[in-house]
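Data block below; observations after.
The values are calculated or read from the model by the stated rules, or taken from the named source; none is laboratory data. Predicted model only: the values in this text are computed from it and were never measured. Glycine also receives a Cβ, built like all others from the backbone with ideal geometry; neighbour counts cover every protein chain displayed. The protein model used for the area step is the full one, side chains on, heavy atoms only, and it has no ligands, DNA or RNA in it. Shrake-Rupley method; radii C 1.70, N 1.55, O 1.52, S 1.80 Å.
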Amino acid sequence: MRNFESIRRHIKAAGFRVTMQDEDVLCTELSLEQGTRHQAIFLSELDDDDGRPYLRVSTAVAPTTGMDARRALVFNWQSRVGYLAIGDLDGVPYLQLCENRPYDGLDGAEIDRLVLEIGGLGDRMERMMSAGGDLL
């Protein structure tokens, strides 16, 4: 993948349901467990210090209110894929599951895998932290 537009074209061609898009961000919604659960996955572009482009794949897991930061840091230490961060969602701080990948070497199969993996793991974490709820 060379740029965010090529990633956008791939997501649409792969059949993911795009629910929101802007110049450098798009959101796709995964339908999980035969449509009983849904998870919003955000794809965006960011640059490192030397200008090299990265793809960020992220999903909201739970609001940070009353969250145990120790559990989040233990997850970050143990996780092979994804990391936890805090980002705003409609002005509310949320725990987010994220993964960043440089465009170099990124292909369609890897993008699909990232969307599905971050979406599925994010949904499982959301269920654990919200007593089975589905934030979307």
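GNM on the chain, alpha-carbon springs under 10 angstrom: the most fluctuating residue among ARG37, ARG101, ARG80 is ARG80. Surface composition of the chain: carbon and sulfur atoms hold 50% of the protein heavy-atom accessible area at a 1.4 Å probe. State to the nearest 20 debye the size of the charge dipole of the range 1-123 about its Cα centre, where the only charges are +1 on K and R beta carbons and -1 on D and E beta carbons. It works out to roughly 420 debye. A DSSP coil position with no more than 16 other Cβ atoms inside 10 Å describes the following GluC sites (Glu not before Pro) in the range 8-92: GLU23, GLU33.
With springs only between Cα atoms under 10 Å, which of GLY82, GLY35, GLY120 fluctuates most in a Gaussian network model of the chain? Result for the chain, Cα springs under 10 Å: GLY35 fluctuates most. For mean projected area of the Cα convex hull in nm², computed directly from the structure shown, the correct entry in (1) 10.0; (2) 8.2; (3) 8.7 is (3). Ordering ILE118, VAL92, SER44 by the projection of their Cα atoms onto the charge dipole of the chain, which places +1 on the Cβ of Lys and Arg and -1 on the Cβ of Asp and Glu, puts ILE118 at the extreme positive end.
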